Amino acid sequence: MIIDSHVHLHELSNTSLKNYCGLDSGYILLAVSDDLKSSKRTLQISLKCNNVVPAVGIHPWNAHKVIEYEIDQVLRLSYRVKFFGEIGLDLKFMAKTFQDQLRIFRKFLAEAERRAIGLSVHGAGAWKYLINELRSYRIKAVAAHWFTGTHKELKELLDYGSFIGVNSAIKIQKKSRNIVKETPLESILTESDAPYNYRGLVLEPETIQETIKIISELKRVNASKVQEAIVRNFQNFIKRAGVSNSFLDFLK
Ligand SMILES: [Zn+2]
């Protein structure tokens, strides 16, 4: 089983979605959302595909577009999910809307604490602030999606109990390779962030195999051992957010 802990399935066409839908596909995926519409779509997909853990949320890039009603509607979906995502803060691509991002992120954090919901967080250029916010809440399961922060921030996230999402961009992103070297294997999760295009590199679940190979070289651990560790980590991650035992059986 290949683990994709952060993927935007709602952006895929029905034809493309078929490749990842159902356990026969060989994937277990945590599907994140960007707004109300995509949150509903992700929920729909998860009803059809028994290998998909759905997450609802408002992407920090949408912070300036959403009205209060939409935020509340997404939060209301929380009774149907065990994860929020993609939520977070971004000072790298969207610094202008930071105050809106912060306000929305805090709403999700409060609800996540109240209902013991796990998170897939985005923190581009803002990991310092994101960690600060996390510290004000008790969140049981966190995955730092495509983490690109500093050594200090990595240590702080690991101390918080967060998992570190390693993206397929590791192929060309040197920073990402250094992060893998510094992160214990038991805290690493693989992810695609499909269908994003990073500097000409098309990110898709298929690229995760190569990520595992790179992690295995960096860690000097056999690729099958890395693969097993990541399945175990994902099990641990979703269990903390209260995903039912029947789902965990799929991973055996
Ligand atoms: Zn994403």
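The values are calculated or read from the model by the stated rules, or taken from the named source; none is laboratory data. Please read these numbers as outputs of a predicted model, since none were measured by experiment. Positions of Cβ are generated from backbone atoms using ideal geometry, with glycine treated the same way; all protein chains shown enter the neighbour counts. Surface areas here come from the heavy atoms of the whole protein model, side chains and all, with no ligands, DNA or RNA. Shrake-Rupley method; radii C 1.70, N 1.55, O 1.52, S 1.80 Å.
Per-structure values
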| quantity | calculated |
| --- | --- |
| Cut-off under 5 Å, modelled amide H: who pairs with residue 35 long-range | 57, 59 |
| Accessible surface of the chain [probe 1.4 Å, protein heavy atoms]: carbon and sulfur percent | 50 |
| The range 222-252-the range 25-103 distance, computed between alpha-carbon centres (Å) | 22 |
| Heavy-atom surface of the range 2-245, accessible at 1.4 Å and reported per residue (Å²) | 45 |
| Length gained when the stretch residue 93-residue 137 is fully extended (0.36 nm per residue, less Cα-Cα span) | 13.3 nm |
| The chain: DSSP helices with Cα axial extent of at least 20 Å and average Kyte-Doolittle hydropathy no lower than -1.0 | 98-115, 223-240 |
| Loop trypsin sites (Lys or Arg not before Pro), the range 6-108 (other Cβ atoms within 10 Å of the site Cβ: 16 or fewer; DSSP) | 18, 65, 92 |
| Considering only the range 2-245, percent of DSSP beta bridges that pair antiparallel, nearest 5 | 10 |
| Ratio Rg/Rh [Cα only; Rh per Kirkwood] for the chain | 0.93 |
| Where labels lie 7 Å past Cα in the beta-carbon direction, separation of residue 158 and residue 171 in nm | 2.7 |
| Cβ crowding within 10 Å averaged over residues, with 230-240, 113-123 ranked highest first | 113-123, 230-240 |
| The chain, helix-only ellipticity at 222 nm - DSSP H runs n ≥ 4, -39,500 (n - 2.57), divided by all residues, nearest 500 | -12500 deg cm²/dmol |
| Distance violations [Cα-Cα > 21 Å] among 171/239; 40/65; 82/171; 96/171 | 171/239; 82/171; 96/171 |
| Extension gain (nm, one decimal) between residue 47 and residue 18, 0.36 nm per residue minus Cα-Cα | 9.1 nm |
